[in-house]
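Here the structure is laid out as structure tokens; the discussion comes afterwards.
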Amino acid sequence: MRFNPPARAEVDAAVFDHPAFVGLAPFRDLLTGSEWPDLQVLQARLQPLRHHRTGAALALVAAESLAADGLHYEQRILQRGIIATRRHNWHDLFNALIWKRYPAIKSAMNVRQADGIAQVGRRLRTRAQQALTHFDEAGAVVIVRDLGLLELWDAHDWTGLFLHRREAWRDGGITLQVSGHALLEHALCPHRLLTAKALAILDAGDGRDSAGVDAGVAAAIAAPACLLDPQELRPMPLSGIPGWHDAPQDKEFYRDAPCFRPRRAERRYPPALMGSAAAACVAV
């Protein structure tokens, strides 16, 4: 079923206090103002905005003015430095803000998507293209310091990960950064049970700033050491993170809520990306 986001006037500004939006705090006024930001205003606020693979400046251009150029969305970004952006649209506003926060990740995904189009055309999609799209739309990067937490996650032991080890979510043992713009759009509805499609980094260091995560994950995407198949992505039920949902987060919640699915017997996840988030990440 197609998701219809709420109208701007229907969104309470308190929604943006949710942890999912913490990375967009510098742009809170663009989200909470009574009027949609004009594309020129938005462009000015996001400067400098560059493609990290080509070095080209990027411009937000009204999508309705671009239909005649015959280019695919991804090709247009790579070849012309143009991000087609719909006006008065939550999805595309969040996309623009994620380009600002994670320009290296977005650039690396754009190059690989364009490569996929060159290989199979615009009507077909490779498994890698599907993985890239899933992460682009619903992605999160989860940084884990304790191998035991990763094992609980991989086993879909939601009670263990979120309830028994809840302090790890508070003391930095496990941290999460939302990168998927469609995921942020869904978070406008605070009672929804949200699940991210996540990449895991096993990192004993302290390099967890968004710039370090951006550079490291982008290097892995470009290698390519990840996002080769949608099945690589680990489901991360955001509603289970302590303090991320308003329902009582007790044993019954982690047992009964539909977002906490058991792991299928045949499901296997790849090793986590390794290394400091400030360094290039490679799979081990």
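The values are calculated or read from the model by the stated rules, or taken from the named source; none is laboratory data. A quick note: this is a predicted structure, and the numbers were derived from the prediction, not measured. Note that each Cβ is placed from the backbone with ideal geometry, even for glycine, and that neighbours are counted across all protein chains shown.
Residues being in a loop (DSSP other than H, G, I, E, B) and of a type outside the set (A, V, I, L, M, F, W, C) are represented in region 209-219 by at least one member. Of the residues making up region 202-211, at least one is among the hydroxyl-bearing types (Ser, Thr, Tyr) and under 22 Å from residue 91 (Cβ atoms). Apart from one condition, residue 115 fits all of (1) without any contact (Cβ under 8 Å) to a residue 40 or more places away in the chain; (2) buried (at least 18 other Cβ atoms within 10 Å of the Cβ); the exception is (2). Taken over region 229-267, the criterion of being among the basic types (Lys, Arg), in contact (Cβ under 8 Å) with a residue 24 or more places away in the chain and closer than 30 Å to residue 113 by Cβ is satisfied by 234, 261, 263, 267.
Among residues belonging to region 15-65 that are free of Cβ contacts under 8 Å to residues at least 40 places away in the same chain and assigned to a strand (DSSP E or B), point out the one that is farthest from residue 194 (Cα to Cα). Result: 57.
The residues in region 13-54 that are of a type in the set (A, V, I, L, M, F, W, C) and either surrounded by fewer than 16 Cβ atoms within 10 Å (Cβ to Cβ) or over 17 Å from residue 190 (Cα atoms) (or both) can be counted, and the count is 13. Residue 67 meets the conditions (1) in contact with a helix residue (DSSP H, G or I) (Cβ under 6 Å, 6 or more places away or on another chain); (2) modelled with pLDDT under 95 in every case but one. The failed one is (1). Of the helices (runs of 4 or more DSSP H) that lie entirely inside region 118-186, those containing 2 or more residues that are in the same structural domain as residue 102 (by TED's automatic domain parsing) and either under 20 Å from the mean Cα position of the chain (by Cα) or surrounded by 18 or more Cβ atoms within 10 Å (Cβ to Cβ) (or both) span 127-138.
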